[in-house]
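Worksheet: one structure, shown below.
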Amino acid sequence: MLSVSNAQAIILNLVQPLDNQRDTEVVDLLAAASRILAAPVSSPLDFPHWDNSAMDGYAVRYEDVQHSSTEKPTVLEIIEEIPAGYQPKSTIGTGQAARIFTGAVMPAGADTVVMQEKTRREENRVFILTAPQPQEFVRHKASFYQAGTQLLPAGIRLNAPEIAVLAAAQCPKLNVYRRPRVAIFSTGDELVRADESLQPGQIVDSNQYALAALVKESGAEPLLLGIVKDEPVALRKVITDAAAIADIVLSSGGVSVGDYDYVDKILESLEAKIHIQAVDIRPGKPLTVATFPTDKGYRVSTHSPLYFGLPGNPASVLVTFWRFVLPAIKKLSGIREGWEPVFLKVRSHDELRSDGKRETYLWGKLHLINGVYEFHKASGSHSSGNLINLAQTNALALLPVGKTLISPQEEVEVLQLITP
Ligand code: AMP
Ligand code: MG
């Protein structure tokens, strides 16, 4: 059977990132947080915009003050006061200084700032009590960023630091990738919505709600197509509809070997290419990954949508989403690197067991104990059919194939799902 890492490689290989010309939109800076930049940004402004002072103090000529000391202070005449936001008018000549404040523009003639604490003031004269370093406390024009060079590259997620940089660079509108469109439907005769009354034998379609939340969290746009009965005609229609509107299609259920598991057969009848049918993972073994032929009209912009037939069990849906679907959405979204899940090495609080036959994921919670993360396994059943003890978890512990036991206090690799 296909290993988890091979399955991940196949999936990422199938994903075509959004196109940096066609699949973009322009958004206001204030709406750009968490979006992915589609084009590199440069600015016509230097940073700093002009030489300015890093301190409250006095702008001086280094050559005037280089021999200053408490015993033999240099005395300078103050010819101007320069607060932040003011354009200095005079040129500092020999024996002269300007009173200057943090961020204020350096006056012509001066090359060094002496901090206020190293001076003594007497009316319009200042005594320099210590020799500064040449050019000390001057932030030079363009020393942080040179106008016209690349400020931010394409393919990065815009978080608060980037938003601040873009604001400072006066970029009020940004070219970002559109959100990936992810169609979601659930299959099963037994399923009802959360707001419908349950009849004997029925269960709520929790997967649709879970996937909608996961897709939203990922920055993509969920397109909810509802519940579909285990009927080939209805399934064929929803799969075709989904493929026509989405970049990624997520179904849950109907991919196992039961009599009512039609998804793979319908994909085959649509001439989809099935790349994966099962993965060596627990939970989540029956996982179908397929692509549609590009010449049959199942196209959204330049892409052939990627189809994930996720298993029906609620825990399997979450685990396979985190492990396989999320990296695919990230790559599709235009993020230029770092698609794969990141595992942390932490200490396990509990004994973790697996039969060693499949790569096993156990859900639980990361606790910070004296500044060190510790994984606490969720109590109760880790059966793929149990979703109740998934609530309030934020990490998955990984037991690789062949590993049957991780003892308390031993190191374990965990996939962090939500920042605690
Ligand atoms: P299946 O692979 O379709 O046989 O589904 C496996 C198990 O997951 C069955 O017990 C289903 O009832 C359950 N299941 C399937 N789809 C969903 C869903 N959308 N929400 C919650 N449970 C589901
Ligand atoms: Mg089913």
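The values are calculated or read from the model by the stated rules, or taken from the named source; none is laboratory data. On a predicted model such as this, the values are computed, not experimentally measured, just so you know. Don't worry about glycine lacking a Cβ; one is built from the backbone with ideal geometry, like all the others, and counts go over all protein chains shown. Ligands, DNA and RNA are excluded from the accessible area calculation, which covers all protein heavy atoms including side chains. Shrake-Rupley method; radii C 1.70, N 1.55, O 1.52, S 1.80 Å.
Details
- Loop-located chymotrypsin sites (Phe, Trp or Tyr not before Pro) in the range 139-203 whose Cβ has at most 16 other Cβ within 10 Å (DSSP): Phe144
- Among Val113, Val215, Val238, residue whose mean-square fluctuation peaks in a GNM of the chain (springs only between Cα atoms under 10 Å): Val113
- Rounded tilt (10° steps) of 4-14 against the dominant C-alpha axis of the chain: 80
- For the chain, calculated [θ]222 nm from helices alone, where every DSSP H run of n ≥ 4 adds -39500 (n - 2.57): -4500 deg cm²/dmol
- For the peptides 2-8, 84-90, the ranking by mean Cβ contacts within 10 Å, running from highest to lowest, is 2-8, 84-90.
- For the range 299-364, the set of trypsin sites (Lys or Arg not before Pro) satisfying both a DSSP loop assignment and a count of at most 16 other C-beta atoms within 10 Å is given as Arg299, Arg336, Lys357.
- The overall shape of the chain is prolate: from the C-alpha gyration tensor, with semi-axes ordered a ≥ b ≥ c, the ratio a/c is 1.5 or greater and a/b exceeds b/c.
- GNM top mover of Glu25, Glu268, Glu71 - the chain, alpha-carbon springs below 10 Å: Glu71
- The chain: angle of helix 232-245 to the longest principal axis, Cα-based, in degrees nearest 10: 20
- Shape analysis of the range 284-420 yields a ratio of the Cα radius of gyration to the Kirkwood radius, Rg/Rh, of 1.04.
- Residue-wise HN-Hα coupling along the range 340-351, computed from phi with Karplus coefficients 6.51, -1.76, 1.60 (Hz; x: Gly, Pro): 5, x, 9, 9, 9, 9, 9, 8, 8, 7, 10, 6
- Across the accessible surface of the chain, with the other protein chains kept in place and a 1.4 Å probe, carbon and sulfur atoms take up 51 percent.
- Of the two radii for the range 316-357, the radius of gyration is 1.11 times the Kirkwood radius, both from the alpha carbons; that is the Rg over Rh value.
- Counting only the Cα atoms, the range 52-139 fills a convex hull of 71 Å³ per residue.
- Of Lys173/Lys330; Lys285/Lys403; Lys89/Lys141; Lys285/Lys331; Lys229/Lys273; Lys265/Lys330, those spanning more than 20 Å from alpha-carbon to alpha-carbon: Lys173/Lys330; Lys285/Lys331; Lys229/Lys273; Lys265/Lys330
- Ranked packing of 103-111, 225-233, most packed first, by mean Cβ within 10 Å: 103-111, 225-233
- Probe 1.4 Å, protein heavy atoms only - accessible area per residue of the range 52-139 in square angstrom: 51
- Kirkwood analysis of the range 18-176, using all unique Cα-Cα pairs, places the hydrodynamic radius at 17.8 Å.
- Per residue, in Å², the accessible surface of the range 343-416 once ligands and nucleic acids are set aside, probe 1.4 Å: 50
- Sequence-distant contacts, meaning Cα pairs under 8 Å at least 6 residues apart, place the relative contact order of the chain at 15 percent.
- For the range 77-150, applying the loop criterion from DSSP together with a ceiling of 16 other beta carbons within 10 Å to the GluC sites (Glu not before Pro) yields Glu123.
- Taking Cβ atoms as reference points and 13 Å as the exclusive limit, the residues near Tyr145 contribute a net charge of +1, counting Lys and Arg as +1 and Asp and Glu as -1.
- Here the chain is treated with +1 on each Lys and Arg Cβ and -1 on each Asp and Glu Cβ, and its dipole about the Cα centre works out to around 300 debye.
- Long-range Cα-Cα pairs in the range 343-416 (distance over 14 Å), rounded percent: 55
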